[in-house]
Amino acid sequence: MAATLKDVAERAGVSRSAVSRTFTDGASVSATMRSRVEKAAAELGYSPNALASSLTTGRTKLLGLVSNNFKNPIFLEVFDLFTRALQDQGLRPLLVNLSDETDPQSSVKMLRQYSVDGVIVASSTLPPGFSSAFRDAGIPVVHAFGRPSGTPSVHVVGIDNFACGQMAARTLIARGYSRVGFLGGPEVATSTQDRLGGFMDEIANHPDVCASHSFAAAYSFAAGRNEMLRLLEGPAAQAYFCGDDVLSIGALSAIGESGLAVPDDIGIIGLNDMAMAGWQNINLTTIHMPVEKIVASSIELIMGMLTDPDLPPEARIFACDIIERGTLRAMPA
């Protein structure tokens with residue numbers, strides 16, 4: 001049978017409360033006492049029961065990590081970074097799939113059942129109402145990859161999608177494309193709206209450039225492929241800014257199926273710079289999103305809220321930059 005707290009107390013010759021304090025973060029215990037208890041615990045192979053500890057401290061150390069786009073490979077990278085970093089902080093991530101969820105209150109109810117200490121919403125497509133619902137329920141929350149505002153009601157960490165749209169348009173125009181297109185994800189997603197808004201804002205400064213826009217059903221390979229196949233049935237643009245890398249890869253597949261070449265016939269620029277974008281057979285020119293910085297900053301904020309629940313909400317926005325690979329024509333000489 002597994003060793004118990006009582007067994008450790010008897011082996012160390014101390015009270016059970018002394019053993020409990022030794023394994024409680026921040027509790028007062030002398031160096032001599034700690035040494036005796038830890039020695040006895042090691043001899044018995046004892047490990048503190050995390051669930052029992054939560055009854056004493058009122059903290060479960062569970063952190064809800066919720067998202068809704070599990071089909072997008074970029075989120076495998078995001079979840080890997082989040083889960084490892086949270087575990088390094090002594091927190092246990094509770095991964096929640098909200099792909100089919102439309103009612104924020106259902107999510108709040110579910111996570112309350114697990115008594116999570118806080119929540120990180122890791123999504124660029126979930127409505128802001130989800131983060132607000134957690135806040136209103138008194139649960140510390142950070143919205144990673146969310147839409148920033150001048151006066152945020154919850155902590156938001158992400159990028160300026162409008163500026164990314166402008167950057168993509170400038171990149172295409174600088175390479176001499178005169179007919180360009182935006183191929184976005186779902187039109188209702190704020191990330192799609194902002195990327196399109198920035199793209200068209202920059203195009204408006206160049207009256208000699210013709211621009212079109214369309215939307216895929218999801219941020220997925222299949223949706224990007226299907227939408228590009230549809231676009232290729234009519235007069236296609238010379239180059240497209242795709243709303244993210246997985247849409248771009250789907251578009252590349254459709255272009256190849258249609259007997260066209262990239263970048264000779266059609267140029268593509270994506271957004272995210274996920275690991276797959278750099279694979280030799282893809283070699284996607286894209287806009288780099290600093291995922292590691294966004295994850296680290298989100299965890300810093302949620303840790304701050306666990307210490308100070310009244311921490312004023314702030315928006316932390318990270319700059320993006322172009323990663324040159326092989327899916328756009330070269331700059332004119």
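The values are calculated or read from the model by the stated rules, or taken from the named source; none is laboratory data. What you are looking at is a predicted structure, and each value in this text was computed from that prediction instead of being measured. Neighbour counts run over all protein chains shown; Cβ positions are idealised from the backbone, glycine included. Accessible surface areas use protein heavy atoms only, side chains included; no ligands, DNA or RNA. Shrake-Rupley method; radii C 1.70, N 1.55, O 1.52, S 1.80 Å.
Just a few scattered comments:
- For Ile323, the shell of other residues with beta-carbons less than 14 Å away shows a net charge of -4, using +1 for Lys and Arg and -1 for Asp and Glu.
- Surface accessible to a 1.4 Å probe, Phe130 within the full protein complex, Å²: 10 Å²
- Residue-level accessible surface for Arg225, protein heavy atoms, 1.4 Å, Å²: 70 Å²
- Accessible area, probe 1.4 Å, largest first, for residues Thr83, Thr327: Thr83, Thr327
- Annotation: per residue accessible area for segment 156-282 equals 38 Å², rounded to a whole number [probe 1.4 Å, protein chains only].
- Dividing the Cα radius of gyration of segment 221-333 by 2.2 N^0.38 Å, with N the residue count, gives 1.37.
- Fraction of accessible area attributable to carbon and sulfur, the chain (%, probe 1.4 Å): 52 percent
- Among Ala31, Val116, Ser214 the positive-end extreme of the charge dipole of the chain (Cβ point charges): Ala31
- Spatially proximal lysines relative to Lys39 (Cα-Cα < 16 Å; intrachain offsets below 8 disregarded): Lys6
- Helical content alone sets the calculated 222 nm signal of the chain at -13000 deg cm²/dmol, taking -39,500 (n - 2.57) per DSSP H segment of four or more residues and averaging over every residue.
- Computed FRET value (nearest 0.05) for Thr151 with Leu229, which takes r as the C-beta separation and R₀ as 41 Å: 0.45
- When Cα extents along the principal axes in Å is computed from the coordinates, the matching label among (i) 54, 45, 44; (ii) 66, 54, 37; (iii) 83, 40, 35 is (iii).
- Near Phe75: Cβ cut-off under 15 Å, other residues only, Lys/Arg at +1 and Asp/Glu at -1. The net charge is -4.
- Dipole size of the chain about its Cα centre, with +1 on Lys/Arg Cβ and -1 on Asp/Glu Cβ: approximately 1100 debye, rounded to the nearest 20.
- Tyr219 exposes around 10 Å² of accessible area when a 1.4 Å probe is run over every protein chain in place.
- Candidate lysines - alpha carbon under 22 Å from Lys61, same-chain residues fewer than 8 apart omitted: Lys109
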